[in-house]
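The values are calculated or read from the model by the stated rules, or taken from the named source; none is laboratory data. Note that the coordinates shown come from a computational prediction; the quantities given were computed from them, not determined experimentally. Neighbour counts are summed over all protein chains in view; Cβ atoms, including those assigned to glycine, are modelled from backbone coordinates with ideal geometry.
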Amino acid sequence: MSERRTATGTDPAQVEALVAPGEVVELARQLVTIPSYGPDHSWESGVASALEAALAAEGIPLRRQVVTSDRANLIAALPGDEQGPPLLMLNGHMDTVPPSSAMRWPPFAAKIAGGRLWGRGAADMKGGLAAMVMALIALHRARVRPPRPIMLAAVVMEEMGNSGASALAREMAGAGTPASLAIVGEPTGLNLVTAHKGVDRYRITVFGRAAHAAAPERGVNAIVRASRLIAALDEDLARVVRAQTHPLLGRPSYNIGTISGGVSRNTVPDRCTFQIEKRYLPGDSSELIRAELEAVVERTLGPGGAEIVHEDDFDRITHPPLDIAGEQPGVRALAAAVAEVTGRRPALIGWPAFTDAAILQVHGMPAVVCGPGSLEAAHADDESIPTDEINAAFRVYVRAALRICAQAAGE
């Protein structure tokens, strides 16, 4: 068996050539055929088993990290010259949203037509995940020896509160082994997402006093009081939004998404509850957001005029904004790899959606989002991804890994 070789000076084309034409797309196609949503489909376990088989067949060390009783992250690593924190994490999620009944092709047929792979999860993000897995396999076949480990993390529950990435990040931070850079393979068209908004959600309950509708003067109508508060929030928070901006993300936004109140038509309602969220910018925080809400409540309804409760999921896992400098060395290496493969300099962009990258970043891991496909195709009835972009992503990840290894070696 040939000796392992350092990443420094390794020809990326030789590494890429160790993966046969069609292998990357075939793995993506295989993953799309496996439903990975809902308990009836055992969540992500089928995809995890397929990836585990592919990686184990190559002799790549791997393990499962239990997140809940029936859901686990799959972790693999290319060992380095030294142990310790990974030099690079390639990160992708295995779960998808459910298919709709109006999808153009059967959602799990993984049809290839018109140069595209069609099906649920093709863009979000089994195409990107397959490219990452095959990049790690190519580096392993080339017997590349990075200065420190290169890690692959296939995580669960991204579509359900980001619990998989959170469990992984907490474990690595607790062990003092955060990765020097994480690349999250969401569908960006191989542009680089260096910023996206955070998400914070609250449940606000306005109280009244119940009475018979025939004698409303004996009660206090909580729905009417809540309507006054909602109108005030709409007006006052618009001023807050106009005062905040970011060069890539624009302004933040508030949304009131649900409302409920009352028990019957002939009863004055004694409570009304609505949910509100803010998509917020770097530099903002949950503490500041709560203070904004409390100030409007006090001005409109008086002190203690409503109960403001942080949503449970957002107490358990914070969802901060992503913000990484375009000049960060790993970001520069990734941008150079994209330019080398595609012949164009990738754009550094802000994104409207939340990703696991922000979860990793808040636990001490710089993170950037870059993957094949488009966000517009994600969750859509016509979800699909160009097969040539899956192959391009594979090459980008190989070349980014080699460049980051070279940086770490001091070149």
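Miscellaneous remarks
- No other residue among Ala393, Ala336 is surrounded by fewer than 24 Cβ atoms within 10 Å (Cβ to Cβ) and either touching a Leu at 6+ places or on another chain (Cβ under 8 Å) or not β-branched (Val, Ile, Thr) (or both) apart from Ala336.
- One residue from Ile276, Ile259 being closer than 13 Å to Ile230 by Cα, aliphatic (A, V, I, L, M) and surrounded by 21 or more Cβ atoms within 10 Å (Cβ to Cβ): Ile276
- Ala135 satisfies every condition listed in (1) more than 21 Å from Ala357 (Cβ to Cβ); (2) crowded, with 17+ Cβ neighbours inside 10 Å; (3) not aromatic (Phe, Trp, Tyr) except (1).
- For segment 164-184, a tally of residues being under 11 Å from His93 (Cβ atoms) and surrounded by fewer than 24 Cβ atoms within 10 Å (Cβ to Cβ) returns 0.
- Filtered residues of segment 188-231 (kept if part of a strand (DSSP E or B) and among the charged types (D, E, K, R)): Asp200, Arg201, Arg203, Arg209
- Boolean, Lys111 is surrounded by fewer than 22 Cβ atoms within 10 Å (Cβ to Cβ) and not assigned by TED's automatic domain parsing to the domain that holds Glu292: yes
- Scope segment 213-238; condition of a type in the set (D, E, K, R) and either over 22 Å from Pro303 (Cα atoms) or surrounded by 12 or more Cβ atoms within 10 Å (Cβ to Cβ) (or both); matching residues: Glu217, Arg218, Arg225, Arg228, Asp234, Asp236
- Checking every residue in segment 102-112 against the condition of being free of Cβ contacts under 8 Å to residues at least 12 places away in the same chain and not polar (S, T, N, Q) gives at least one match.
- Residues located in segment 9-37, provided they are in contact with a helix residue (DSSP H, G or I) (Cβ under 8 Å, 6 or more places away or on another chain), farther than 12 Å from Arg395 by Cα and either among the acidic types (Asp, Glu) or not assigned by TED's automatic domain parsing to the domain that holds Val341 (or both): Glu23
- In segment 276-358, counting only helices (runs of 4 or more DSSP H) that sit wholly within it, the ones holding 1 or more residues that are modelled with pLDDT of 95 or more and of a type outside the set (A, V, I, L, M) span 286-301, 329-342.
- Among (1) outside the structural domain of Ala135 (by TED's automatic domain parsing); (2) over 24 Å from the mean Cα position of the chain (by Cα), the one test that Val341 misses: (1)
- Count of segment 378-411 residues which are out of contact with any Pro (no Cβ under 7 Å at 6 or more places or on another chain), assigned to a helix (DSSP H, G or I) and at pLDDT 95 or above: 11
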